[in-house]
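The values are calculated or read from the model by the stated rules, or taken from the named source; none is laboratory data. Everything numeric here is computed off the predicted structure, so don't read it as measured data. Cβ: placed from backbone, ideal geometry, glycine included. Neighbour counts: every protein chain shown. For accessibility, only protein heavy atoms count, side chains too; no ligands or nucleic acids. Shrake-Rupley method; radii C 1.70, N 1.55, O 1.52, S 1.80 Å.
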Amino acid sequence: SGKILFVHNTPKNPSELAVADRDGQNERILTRNNVAWLEEIEMPQVETLRFQNDEGIEIEGWIMLPAKSEAPYPTILYNHGGPHGAYGYSYRPDFQILAGAGFAVLYLNPRGSAGYGDEISAALSGNWGVMDYKDLMAGVDHVIEKGLADPERLGVCGLSYGGYLTCFIVGQTDRFKAAVAENPITDLVSRYGTADMGPWGSLGEIGGKPHEIPEVYYRSSPISYAHQCTTPTLLVQVEVDYRCPAGQSEQFYT
């Protein structure tokens, strides 16, 4: 009565059950399922980041720092999907694996991510890649300036729209030493005709049909810049991803 039961999750604990008053006060952890297991692990530190992009908008993100090495760290920019997904202050087993191997993991919420309000989220329509790329690079520059990331040992990866951003990034810059794109979108025109949400999803996200705004489709398609890529890039693809069809990886590779 008057209580909320919820799952409590932090970067250092996968999940415990907790209870709080309806207004969020008097939070109390009920379970200790992970205590013994977590005592066996040297957990990485997580630092919250806030920085200004080129338009003076504050962008939020985090960097997970490996426990057994010293800054500046080899750093991986890990792009989220969506495009309107968002990272939070939560446990990420994939990031823990990378930190355990000695990498810092940089994860950011560029413009278009959920959490900044409808105006900033909707501004990504017709600006895939060209808008969020700037915010991601500003975040990379920020952690380099803080002395956390080694500019000579940078990697980039992501899944779905995160794979899209990875492919877009390696067509714009050679600052990353390696890239991994999982189930990416690379050609917005062929996506329009082959992805399960291509025809209707493109109207809101890209701003129209390919014959109506061909310049927007070209500008935001990683395939337009693939010939400029000099970064060693691994493409990982599931055959039955109907949202990000296998042909998208094949086109970028070719």
Can you show me the helix-derived [θ] at 222 nm for the chain, built from DSSP H runs with n ≥ 4 at -39,500 (n - 2.57) apiece and divided by the number of residues, rounded to the nearest 500.
-7500 deg cm²/dmol
In Hz, Karplus ³J(HN,Hα) per residue of the stretch 188-193 (6.51, -1.76, 1.60; θ = phi - 60°; x = Gly, Pro):
5, 6, 5, 4, 4, x
Debye intensity ratio I(q)/I(0), log10, the stretch 42-183, q values 0.12, 0.15, 0.16 Å⁻¹ (C-alpha model):
-0.42, -0.68, -0.78
Write down, largest first, the equivalent ellipsoid semi-axes of the stretch 157-254 in whole Å, where each equals the square root of 5 times an eigenvalue of the alpha-carbon gyration tensor.
22, 15, 10
In nm, spacing of pseudo-spin labels at Arg50 and Ala178 (7 Å Cα→C-beta vector)
3.5
Convert each backbone phi in the stretch 33-39 into a coupling constant with the Karplus relation 6.51 cos²θ - 1.76 cosθ + 1.60 (shift: θ = phi - 60°), then list the ³J(HN,Hα) values in order as whole Hz, x for Gly and Pro.
5, 10, 4, 4, 5, 5, 5
Two-site FRET efficiency, Leu5 against Ile41, from Cβ-Cβ distance with R₀ of 30 Å, rounded to 0.05:
0.65
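Taking the mean number of other Cβ atoms within 10 Å as a proxy for protection, how do you rank 87-96, 176-185, 137-146 from highest to lowest?
On the way: 87-96: 14.7, 176-185: 22.4, 137-146: 18.5.
Listed from highest to lowest mean packing, they are 176-185, 137-146, 87-96.
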Using the beta-carbon distance between Glu239 and His211 and R0 = 25 Å, what value does 1/(1 + (r/R0)^6) give for FRET efficiency, to the nearest 0.05?
0.25
Out of all DSSP beta bridges in the chain, what portion is antiparallel? Express it as a percent rounded to 5.
55
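Can you give the net charge of the other residues whose Cβ lies under 10 Å from the Cβ of Leu154, counting K and R as +1 and D and E as -1?
Numbers: positive: Arg153, Arg175, Lys177; negative: Asp150, Glu152.
That works out to +1.
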Pop out the ³J(HN,Hα) list for the stretch 229-236 in order, Karplus 6.51 cos²θ - 1.76 cosθ + 1.60 with θ = phi - 60°, rounded to Hz; leave Gly and Pro as x.
6, 10, 7, x, 10, 9, 9, 10
Starting at 0 and stepping by 10 Å, how many percent of the alpha carbon pairs of the chain end up in each bin?
7, 28, 32, 22, 10, 2, 0
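Could you work out the relative contact order of the chain, using alpha carbon pairs under 8 angstrom and six or more residues apart, expressed as a whole percent?
Relative contact order of the chain: 16 percent.
In debye, nearest 20, what is the charge dipole magnitude of the chain about its Cα centre with +1 on Lys and Arg Cβ and -1 on Asp and Glu Cβ, if you could check?
Values: 18 positive and 32 negative charges, 52 e Å.
Roughly 260 debye, rounded to the nearest 20.
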Using modelled backbone amide H atoms (1.01 Å from N, in-plane), which distant-in-sequence or interchain residues come within less than 5 Å of Gly126's amide H?
Ile206, Gly207
For Ile97 and Ala246 in the same chain, what is the full-extension length gain: residue separation times 0.36 nm, less their Cα-Cα distance, in nm?
51.0 nm
Met197 paired with Glu70, simple spin-label distance in nm, labels 7 Å along Cα-to-beta-carbon
4.7
All-pairs Cα distance distribution in the stretch 148-188, expressed in whole percent, bin size 5 Å
7, 26, 29, 20, 11, 5, 1, 0
Taking amide H atoms as placed 1.01 Å from N in the peptide plane, list the residues 5 or more away in sequence, or in a different chain, whose amide H sits under 5 Å from that of Leu17.
His8, Leu30, Thr31
The set of residues whose placed amide H lies less than 5 Å from the amide H of Leu49, leaving out same-chain residues fewer than 5 positions away, is Gly61, Trp62, Ile63
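Between His227 and Ala123, how high is the FRET efficiency from 1/(1 + (r/R0)^6) when r is the Cβ-Cβ distance and R₀ = 41 Å? Nearest 0.05.
Between His227 and Ala123 the formula returns 0.90.
Charges only on Cβ, +1 for Lys and Arg, -1 for Asp and Glu: so what's the dipole of the stretch 113-254 about the Cα centre, in debye to the nearest 20?
On the way: 9 positive and 18 negative charges, 39 e Å.
The calculated dipole for the stretch 113-254 is roughly 180 debye.
What net charge is computed for the residues neighbouring Phe252, neighbours being all others with C-beta under 13 Å from the C-beta of Phe252, Lys and Arg scored +1, Asp and Glu -1?
Working: positive: Arg191; negative: Glu182, Asp187, Glu250.
So the environment of Phe252 carries a net charge of -2.
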Per residue, how much accessible surface does the stretch 145-254 expose to a 1.4 Å probe? Answer in Å², no decimals.
48
